[in-house]
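Notes follow once the structure below has been shown.
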Amino acid sequence: MIDPQILRTDPDRIRESQRRRGEDVTVVDRLIEADTAKRAAQAHFDELRNQQKLIGKEIGPLQGALKKASDDTAKVAAQAELDALMAKATDLADRTKAAEAAANEQAEVTDALWLQLANLVNLDSPVGGEEDFVTLEHVGTPRDFAADGFEPRDHLEIGEMLGAIDTVRGAKVSGSRFFYLRGVGAQLEFALLNMAMAQATANGFIPMITPSLVLPSAMDGTGFLGQAAENVYRVEADDLYLVGTSEVPLAAYHSDEIIDAKELPIRYAGWSSCFRREAGTYGKDTRGIIRVHQFDKVEMFVYCDPADAENEHQRLLQWEKDFIDALEIPYRVIDVATGDLGSSAARKFDIEAWIPTQGTYREVTSTSNTTEFQARRLKIRMRDGDKTQPLATLNGTLVAMPRIIVAILENHQQADGSVVIPQALRPFLGGVSAFTPKG
């Protein structure tokens, strides 16, 4: 959620953000109108409620005077005054109840409109759609397989030769876009998980294993029931959602809490299985394990002072780069365009690994600065002395299986189908230096 004061004092800032995202600008005007009506309705209710309190203070003394009245004339007068006041109180109670209902109804209308607004984009983000990103840097040089004397195999062929990937039985058991990692494939995932957690804890992250099922409030609070809702799995019988990233349970972990500013930043590294419907991707990446419905991931998540959010965003990006550097994979870093940010992010950087058989770079990590947007929706605040305010949250993927596995298999393959293990990963595989084909 955006700070309501921005709506009331600088609505053009929100309009410009919506325009850059390619989203509805007119919702801002509807929200201004609804917010004005909400505050007026709340003020009317508060005024009537205050009148009720004042009448309540008058009723007590009148009841006391009635009891103390010494003659009939005095009693009649006191009773008449009390009856008139009680009638007024009854009428006021009815009006107050109606005003409260009207205020609540208007608040619901306003809240619904707020949920239609995405976070304010960072003005340094490039404007446009998915293809309008800006490349910030290239790291490493794609391998020249021709110079090595062979045509590279794709990850699925290599994985099948190694006995590491089984998509045929994955489809038999669960349907399309499911797979098994077996043997050295499973070992590779465990090694990557342990390597990621080792790096994260060395950098001060608290390791977490998070729930895969969450309440609607957690999904909504992190912004995943808006434009991303079509890719979310819902368990209708229990009104629970399968998470597409541990960002969701990590963000909701401190919901409805106030955190002392002295404790910030708080950094978590969450491992979870992730589930995505991949709606709208029919026919895309149908071969192999690049685009699947279930995968595992280590996600970094940070709570910090909003004043430090941009610096923290750069730190998250650097930690992601350190991990990919250690795996000796060529990659590029892109500044994601405003139309491809997702509703919660103000700015997002992606790392895309080189995939030799596709001749292109594919996303393997992403880090987003969501500023105060999620914290406001989840009611997470920081206390600095006497001041209490929303804090900032950020997220970043440290390692996402299976895409990083794809990148390792394709970039480090050899002519005989074997795969050389990067030096940094070998300690997590018991010192194994290469995987070799079976048989």
The one condition in (1) under 29 Å from residue 425 (Cα atoms); (2) not in a helix (DSSP H, G or I) that residue 313 fails to fulfil: (2)
Residues that are in a loop (DSSP other than H, G, I, E, B) and at pLDDT below 95, drawn from region 201-234: 223, 224, 225, 226, 227, 228, 232
Criterion violated by residue 415 - all others in (1) over 19 Å from residue 260 (Cα atoms); (2) in a strand (DSSP E or B); (3) in contact with a Phe, Trp or Tyr (Cβ under 8 Å, 6 or more places away or on another chain) satisfied: (2)
Residue 29 at pLDDT 85 or above, over 23 Å from the mean Cα position of the chain (by Cα) and surrounded by 12 or more Cβ atoms within 10 Å (Cβ to Cβ): no
Residue within region 191-210 that is in contact with a helix residue (DSSP H, G or I) (Cβ under 8 Å, 6 or more places away or on another chain), surrounded by 16 or more Cβ atoms within 10 Å (Cβ to Cβ), closer than 18 Å to residue 293 by Cα and assigned by TED's automatic domain parsing to the domain that holds residue 335 present: no
Sole residue being farther than 17 Å from residue 313 by Cα, among the hydroxyl-bearing types (Ser, Thr, Tyr) and assigned by TED's automatic domain parsing to the domain that holds residue 307, chosen from 357, 371, 365, 393: 357
Boolean, residue 406 is buried (at least 23 other Cβ atoms within 10 Å of the Cβ) and either over 23 Å from the mean Cα position of the chain (by Cα) or assigned by TED's automatic domain parsing to the domain that holds residue 180 (or both): yes
Single unsatisfied condition, residue 180 versus (1) modelled with pLDDT of 95 or more; (2) among the hydroxyl-bearing types (Ser, Thr, Tyr); (3) out of contact with any strand residue (DSSP E or B) (no Cβ under 6 Å at 6 or more places or on another chain): (3)
Which numbered condition residue 13 fails, given (1) assigned to a helix (DSSP H, G or I); (2) at pLDDT below 95; (3) not hydroxyl-bearing (Ser, Thr, Tyr): (2)
Which numbered condition residue 386 misses (of (1) buried (at least 24 other Cβ atoms within 10 Å of the Cβ); (2) at pLDDT below 95): (1)
The one condition in (1) in contact with a helix residue (DSSP H, G or I) (Cβ under 6 Å, 6 or more places away or on another chain); (2) closer than 30 Å to residue 258 by Cα; (3) β-branched (Val, Ile, Thr) that residue 397 fails to fulfil: (1)
Any hit, region 408-429, residues being of a type in the set (Asp, Glu), farther than 24 Å from residue 159 by Cα and modelled with pLDDT of 95 or more: no
Output for region 322-365, where each listed residue is of a type in the set (S, T, N, Q), in a strand (DSSP E or B) and surrounded by 23 or more Cβ atoms within 10 Å (Cβ to Cβ): 365
Exclusive hit being over 25 Å from residue 193 (Cα atoms) and aliphatic (A, V, I, L, M), set 259, 266, 290: 259
When residues of region 106-130 are limited to those that are touching a residue at least 12 places away in the same chain (Cβ under 8 Å) and part of a helix (DSSP H, G or I), the one surrounded by the fewest Cβ atoms within 10 Å (Cβ to Cβ): 130
Residue list for region 124-138, restricted to those being more than 22 Å from the chain's Cα centre (by Cα) and small (Gly, Ala, Ser): none
Hits in region 262-313 (condition: without any contact (Cβ under 8 Å) to a residue 40 or more places away in the chain and over 30 Å from residue 156 (Cβ atoms)): 262, 263, 307, 311
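Whether any residue in region 183-200 is closer than 17 Å to residue 273 by Cβ, of a type outside the set (Asp, Glu) and not in a helix (DSSP H, G or I) is what I want to check.
Keep residues of region 183-200 that are closer than 17 Å to residue 273 by Cβ, which gives 185-186, 188-190, 192-194, 196-197.
The next check asks that each one be of a type outside the set (Asp, Glu); those that pass are 185-186, 188, 190, 192-194, 196-197.
So of that shortlist, the ones also not in a helix (DSSP H, G or I) come out as none.
Looking through region 183-200, none of the residues is closer than 17 Å to residue 273 by Cβ, of a type outside the set (Asp, Glu) and not in a helix (DSSP H, G or I).
The values are calculated or read from the model by the stated rules, or taken from the named source; none is laboratory data. Everything quoted here is computed from the prediction, not taken from an experiment. For neighbour counting, all protein chains shown are included, and Cβ atoms are generated from backbone atoms with ideal geometry for every residue, glycine included.
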